[in-house]
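Presented below is the structure to which this report refers.
The values are calculated or read from the model by the stated rules, or taken from the named source; none is laboratory data. Here the structure is a predicted model, which means the values were calculated and not measured. Reconstructed Cβ throughout: ideal geometry from the backbone, glycine too, with neighbour counts over all protein chains shown. With ligands, DNA and RNA removed, areas are computed over all heavy atoms of the protein, side chains included. Shrake-Rupley method; radii C 1.70, N 1.55, O 1.52, S 1.80 Å.
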Amino acid sequence: MAEAAPTTAFGQAVIGPPGSGKTTYCLGMSEFLRALGRRVAVVNLDPANEGLPYECAVDVSELVGLGDVMDALRLGPNGGLLYCMEYLEANLDWLRAKLDPLRGHYFLFDCPGQVELCTHHGALRSIFSQMVQWDLRLTAVHLVDSHYCTDPAKFISVLCTSLATMLHVELPHVNLLSKMDLIEHYGKLAFNLDYYTEVLDLSYLLDHLASDPFFRHYHQLNEKLVQLIEDYSLVSFIPLNIQDKESIQRVLQAVDKANGYCFGIQEQRSLEAMMSAAVGADFHFSSTLGIQEKYLAPSDQSVEQEAMRL
């Protein structure tokens, strides 16, 4: 007698701004998961995605096309994409019919890059909420370009966006700093990498901004934004280079912990491996230090000299 497919499914909802590397992440993560022996189904929820590099199990373009919406309703790309998500929300029976035969697979949902979908528009959150009702345990994987760390003002903006996304999406959440191998192409970091990944005392960023004549006029605004971020104390990041298997493994460890996959029965795990997945995601210092040594050039200045420069 054939074994019944498990009712509970697991997956990742890959979100983030345009160009942050969501599609590349889905490709790299799907290849990594298959190498581990997991059955993977990549679902494209972005009707603007063309020339997908991965094998797509479900494509939202079969339901609604962005070009058709823009032509028919005379909308721009952003308005057309919002309409597409609202149309998908109204036709979730189509999505469920596509996903049900794939029970037993690990899902990767490649989501649109419009920031408003994850910060205040309700369609994508409603879709995720409904999938949770279908016993699909999702983790939101939020990608942000790591080069924003080189600009204190942009980093504060990224922190605000990440916090708003975490509160709005209402899923277990993992924030990633993507493209770590390119981080220093845009300038030097003012502080060690763990300062940005763990979001340590942000008052130092305020001091850094105060040295800029433009941002000096907005000191009180920046101070209130930083206070809001620190009051919630929710945002932290895991650095990611999608070409590095060790980096992908650290991300997967955190994601599996968030959606409960590491406690499932689909993969036979020893107690040691299970405990490693359960607690390892909380201790990033050693791995962050290794990434800093790998991708960031050492500073020639002492800590005192750096402080004087700031």
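Brief remarks follow.
- Peptides 111-122, 7-18 ranked from most to least packed give 7-18, 111-122, packing being the mean of other C-beta atoms within 10 angstrom over each peptide's residues.
- Each residue of region 199-207 was assigned a 3J(HN,Hα) from its phi angle through the Karplus curve 6.51 cos²θ - 1.76 cosθ + 1.60 (θ = phi - 60°); the sequence is 6, 7, 3, 7, 5, 5, 5, 4, 5 Hz, with glycine and proline shown as x.
- Long-range amide H partners of Tyr106 with built H, under 5 Å: Arg39, Val40, Ala41
- Within a straight-line Cα-Cα reach of under 26 Å, Lys179 can be paired with the following lysines, leaving aside sequence neighbours fewer than 8 residues apart in one chain: Lys22, Lys154, Lys188, Lys245, Lys257, Lys294.
- Between region 27-96 and region 210-243, the Cα center-to-center distance that results, in Å: 32 Å
- Long-range HN-HN contacts of Asp145 with modeled amide H, under 5 Å: Ser178
- Of the peptides 98-106, 78-86, the order by per-residue mean of other Cβ atoms within 10 Å, starting with the highest, comes out as 78-86, 98-106.
- Solvent exposure, largest accessible area first (probe 1.4 Å, DNA, RNA and ligands not counted), of Glu184, Glu55, Glu31: Glu55, Glu31, Glu184
- Each 10 Å bin from zero up to the one holding the largest Cα-Cα distance in region 89-201 carries the following percent of pairs: 12, 38, 28, 16, 6, 0.
- Computed from the alpha carbon atoms alone, the convex hull of region 26-68 holds 59 Å³ per residue.
- Radius ratio Rg over Rh of region 90-154, counting only Cα atoms, Kirkwood formula for Rh: 1.07
- With θ taken as phi - 60° and the Karplus curve 6.51 cos²θ - 1.76 cosθ + 1.60 applied, the whole-hertz 3J(HN,Hα) list for region 35-41 is 5, 7, x, 7, 7, 10, 10 Hz, x standing for glycine and proline.
- In Hz, Karplus ³J(HN,Hα) per residue of region 78-89 (6.51, -1.76, 1.60; θ = phi - 60°; x = Gly, Pro): 5, x, x, 5, 4, 5, 4, 5, 5, 5, 5, 4
- Given charges at beta-carbon only (K, R positive; D, E negative), |dipole| of region 77-170 in Debye: 160 debye
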